[in-house]
Amino acid sequence: MAPRLSAGCLVTVCSSGAPAVIIGPGSGKYRGLVKIRYPDKSTYHVQDVDLKLRDQSSRTDFHSEQHMNAGTTKETIPSTQAESEQPVQQCTTEDKATRKPGARLFRGLGAKSPNVMAMEKYFGLYREVSEASAAGVDAFPSARLCFRPNDTMTLYLASDALVDLRLPRGCWPISAGMPFFRRLEGEKDKLRWGCCPLRPCHESAPVLARCASRRRLQLTAGSFATLMHEKLLNWSELRRLVCEGQLRGVPEEADRGPVVLVLDEGLSADAQVAVIASLT
């Protein structure tokens, strides 16, 4: 932090022209930045070069504005205070980057999310390329699964750029990311999808068709079209298709639940036709 800037100093944020007060130097992954608080009590980390020292005699005006904001209805803005105080083992170049102001659209999951690990086991998904190659499938991008703060039901597959995106006030997209897994809702869902903690969304079919080593059924064009028309998938029908040589990949265990149906017509991985179905 520049010597002339210290905790309690009133400053102006040059990029926005907004008044703020300095809390102190950033810590942990925000080391090297300055932590500031706006009149509405939201906190951010910025570079010291983006701050201009204000006339300290205007302190009364700042606190008056803060008091007025405290008595009005505010938009929910996530504070970075709790995050900045979390201990970190090691700071990387990315960790030291300036935090973008605004609300997160997505938040990442931990590497050991119980629900995700259960679905990986259920569909035979592998995170490591070597393990996936040995099983004859593509590696599953578990690290790109995330959730939206305002959505407690769905997990999304999103790019790193989308996870890093911050939104200004009053801006919230109608749709973003690809819905991938969803929590079961009520007894009807449990009867249809079996013992899975989550169910795959229909949008997940192309990815699971490339990455799943279990519960992936490959059908000829005729049987695929028949199942799409009749919308029925039970064990008696599967056994008939196997006997006729129209189906490959039937799971050994007779448990109901989600499966991935793939059109087996020698198409490339990028041109596969796949859908999510429930085995009854």
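Since every read-out is calculated from the coordinates, none of them should be taken as a lab result. The structure presented is a predicted model; accordingly, all values stated were derived computationally and were not measured. Methodologically, a virtual Cβ is constructed for each residue, glycine included, from the backbone with ideal geometry; neighbour enumeration extends over all protein chains shown.
Taking 32 Å as the cut-off for C-alpha to C-alpha distance, list the pairs among Lys29/Lys112; Lys41/Lys112; Lys112/Lys188 that go past it. Walk me through the numbers on the way to the answer.
Numbers: Lys29/Lys112 22 Å; Lys41/Lys112 34 Å; Lys112/Lys188 28 Å.
Checking Cα-Cα distances, Lys41/Lys112 exceed 32 Å.
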What net charge is computed for the residues neighbouring Val163, neighbours being all others with C-beta under 9 Å from the C-beta of Val163, Lys and Arg scored +1, Asp and Glu -1?
+1
When ranked by the protection proxy of mean other Cβ atoms within 10 Å per residue, highest first, what sequence do the peptides 213-219, 18-24 form?
213-219, 18-24
